[in-house]
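What follows is a set of notes on a single structure, which appears directly below.
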Ligand SMILES: C[S@@+](CC[C@H](N)C(=O)[O-])C[C@H]1O[C@@H](n2cnc3c(N)ncnc32)[C@H](O)[C@@H]1O
C-alpha cells in the first residue's frame, strides 16, 4: 500500500476527477446525487439507482443539473445502457455494495466507448492485523443489512486491476471514522483500452 493521503487530499482529487469528466456520464449507485454539483463539464448525466426512495431525491437534484439528466432504476450488474454509449462511468462508495464486482466492472467496460473513463472513489478493507480491520470484520454483517449491502472488507483495487480497464491513476487515502477506526479509501481513474471487448 502506497503512502496514504489525507481527507483534504481525497476531497480535492474527487472534485478534480469528477470535474474533468465530459460528454455523457453514467453514474452507478448515484444515491441522492451528491456528485452532480461536481460535474462541471458533462453535457449529459445518467444516474442509475436501485432504491426507489433515493431515486425520488435524485430526480429533485437532477432537475437542477446544468445539462440533460436522466434517472434510471436498476443495478450496476446489468446496466440498462447500450454498448459503447457513454464517455465516462462514475462510481463513488458503490463497489462496496454491489453483489458482484467482477460483473459490474465487465458492464462498465461494455458501456464505455473505447478511450472512455472510469472514475472511482471507494472504501476498502483496512490492513490485516489492525484494530480497524477487526472493526470492519465485526461491523460487516450489520452493514450488509443496514447500509445498502455495504461490505467494508472488499479488496476493490484488485477487482479493478483484474478487469479489462487500464488504470491511469490509483491513490490511497485514510479517513478517520471515530473510535480509533481509520478507513482506507482508494480513488482514481481507469480507461477502456481500444482492444477491450
Ligand atoms: C453509500 S451509497 C453512495 C451513494 C453515492 N454514490 C454517493 O457517493 O453519495 C451506495 C449507493 O449504492 C446503491 N447500490 C447498492 N447496490 C447497488 C447495485 N448493485 N447497483 C447499483 N447501485 C447500488 C445504493 O442504493 C446506494 O444509493
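Between 0 and 90 degrees, rounded to the nearest ten: what's the tilt of helix 7-19 against the longest Cα principal axis of the chain?
The angle comes out at about 10 degrees.
Kindly work out what percent of the DSSP beta bridges joining two residues of the chain are antiparallel, to the nearest 5.
Given both bridge residues lie in the chain, the antiparallel proportion sits at roughly 45 percent.
Determine the distance separating the Cα centre of the stretch 46-94 from the Cα centre of the stretch 122-172; give it in Å without decimals.
Centre-to-centre (Cα) distance: 23 Å.
What residue among 69, 30, 57 shows peak mean-square fluctuation when the chain is described by a Gaussian network model with Cα springs under 10 Å?
Most flexible of the set in this elastic network: 57.
Can you tell me the length gained on complete extension of the stretch residue 85 to residue 34, counting 0.36 nm per residue apart and subtracting the Cα distance?
16.0 nm
For residue 153 and residue 11, compute 0.36 nm times the residue count separating them, minus their Cα-Cα distance, and round to one decimal in nm.
Length gained, residue 153 through residue 11: 48.9 nm.
Counting each DSSP H run of 4 or more residues in the chain as -39500 (n - 2.57), what helix-only mean residue ellipticity at 222 nm follows after dividing by all residues, to the nearest 500 deg cm²/dmol?
My calculation for the chain gives -9000 deg cm²/dmol from helical runs alone.
Take the Cα atoms of the chain, find their three principal axes, and give me the spread along each one in whole Å, biggest first.
Principal extents (Cα only, largest first): 45, 38, 30 Å.
For the stretch 45-155, what log10 I(q)/I(0) values come out of the Debye formula at q = 0.10, 0.21, 0.23 1/Å, with one point per alpha carbon and no solvent?
-0.35, -1.19, -1.30
Just want to confirm a number: the relative contact order over the chain, from Cα pairs under 8 angstrom separated by 6+ residues, in percent.
22
As I understand it, the value is the acute angle between the Cα axis of helix 101-111 and the longest principal axis of the Cα atoms of the chain; what does it come to in degrees, rounded to 10?
So the helix axis and the longest Cα principal axis differ by about 20 degrees.
Cα convex hull of the stretch 122-170: mean projected area in nm², to one decimal?
Result: 4.1 nm².
In a Gaussian network model over the chain where Cα atoms closer than 10 Å are linked, find which of 71, 145, 98 has the largest mean-square fluctuation.
145
Of the residues 112, 13, 21, which exhibits the maximal mean-square fluctuation in a Gaussian network model of the chain defined by a 10 Å Cα contact cut-off?
In this elastic network of the chain, the residue with the biggest mean-square fluctuation among 112, 13, 21 is 13.
Output the 0 to 90 degree angle, nearest 10, between the alpha-carbon long axis of helix 131-146 and the longest principal axis computed from the alpha carbons of the chain.
50
Stretch residue 128-residue 167 to full length: gain in nm at 0.36 nm per residue minus the Cα-Cα span?
Stretched fully, the residue 128-residue 167 segment lengthens by 11.6 nm.
Only the coordinates and a few stated rules stand behind these numbers; no lab work does. Values in this document were obtained by computation on a predicted structure and should not be read as measured data.
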